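One structure is given here, and the rest of the page talks about it.
Readers should treat all values here as calculations from the given coordinates under stated rules, not as data from a laboratory. Note that the structure is predicted; figures quoted are calculated from it, not measured. Positions of Cβ are backbone-derived with ideal geometry, glycine not excepted, and every protein chain shown enters the neighbour counts.
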Amino acid sequence: MLTGRTVLLTGATGGLGGTLARRLRASGAELVLTGRREAELAALAAETGARAIPADLSDAAEVHRLLVEVGAVDVLVSNAALPGTGALTSFTAEQAQRALDVNLGAAVALAHGLLPRMLSKRSGSLVFVSSLAGLTPTPHTSLYNATKFGLRGFALSLHEELRGTGVGAGVVLPGFVRDVGMFAETGLPDPRLFGTCTPDAVADAVLRMIETNPAQLLVGPFTSRVGARLGSLAPALAFRLQRLGLLRGIGRQMADAQQHKR
Ligand SMILES: NC(=O)c1ccc[n+]([C@@H]2O[C@H](COP(=O)([O-])OP(=O)(O)OC[C@H]3O[C@@H](n4cnc5c(N)ncnc54)[C@H](OP(=O)(O)O)[C@@H]3O)[C@@H](O)[C@H]2O)c1
């Protein structure tokens, strides 16, 4: 239970953000929610009794303002992200930088800003929502892979660095999520063999990470977790399987549906 603990949740206005906010609140957490869309943020804050602090995480000054306004929190759930799908050359330099800033830079800056107080209290938790794309690459997702691999490395390093301090850190790696969020919004069918997981399964992992501090948790059907680990161990073999049909063209198809989110 998170009774009496304050949680800062980024990406609260997104598909997974709503589920995460409701589940964290149901566990007793006091929430501080952030996102860009002010009306959606205000509605979710009213529903969950949260503080809402709108902020654009692609802007370092906004990240700093968020840190000042939020003050001390017990838990960071870093969940905001842009899809970052599409051929690298299809992005402008500004769009590419924005994906790096929102998905990785802001997560690092928030952890950097919040950690000192957690360390002085010898208590706290930093949870980073990455993706199975933080383990295995696919074509036409290079920016997304870069940020999700980066987030995973950052979280795992911190996990061990913080051992014995009373502060936990770890990374949650969901596969494709159904019903809500950036994959469901594409309207694409469930990826063959990989399948999908529920938003609640991601929330289960986030809550478990806060409570028990594992270094990383993979979320998704068995085949997706095995496939992602294979892609991590043997990318050339994984690419061969992808060319044979597994996840074939998924990055390009997602990019077509996610052009507006750059
Ligand atoms: N859905 C999936 O299948 C899936 C699978 C694996 C991992 N994940 C990960 O799960 C997390 C949540 O994904 P989702 O599916 O909920 O995505 P989503 O529905 O697209 O929501 C993305 C969230 O990020 C926020 N965001 C984007 N740009 C921002 C910016 N410049 N400043 C502040 N906030 C910004 C959005 O806020 P505004 O809309 O208010 O700007 C929104 O709240 C992400 O880290 C994603 O990579 C998702």
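Checking a compactness column here: for the chain, what do you get for Rg(Cα) / (2.2 N^0.38 Å), N being the number of residues?
Values: Rg = 17.4 Å, N = 262, 2.2 N^0.38 = 18.3 Å.
Cα Rg divided by the expected 2.2 N^0.38 Å: 0.96.
Residues with amide H under 5 Å of ALA169's amide H, sequence separation 5 or more or different chain, H placed in the peptide plane at 1.01 Å from N; which?
Under 5 Å from the amide H of ALA169 lie the amide H atoms of LEU126, each far enough along the sequence or on another chain.
Taking 30 Å as R0, compute the FRET efficiency from the Cβ-Cβ separation of SER120 and ALA26 and round it to 0.05.
Calculated transfer efficiency: 0.55.
Could I have the simple spin-label model distance between ALA87 and ALA236, label points 7 Å from Cα toward Cβ, reported in nm to one decimal?
Placing both labels 7 Å along Cα→Cβ, they lie 2.6 nm apart.
Roughly speaking, what is the stretch gain from THR198 to THR212, that is 0.36 nm per residue apart minus the C-alpha to C-alpha distance, in nm to one decimal?
2.9 nm
Find which of LEU44, PRO83, LEU115 sits farthest along the positive direction of the dipole of the stretch 41-119, computed with +1 on the beta-carbon of Lys and Arg, -1 on that of Asp and Glu, about the Cα centre.
Of the listed residues, the answer is LEU115.
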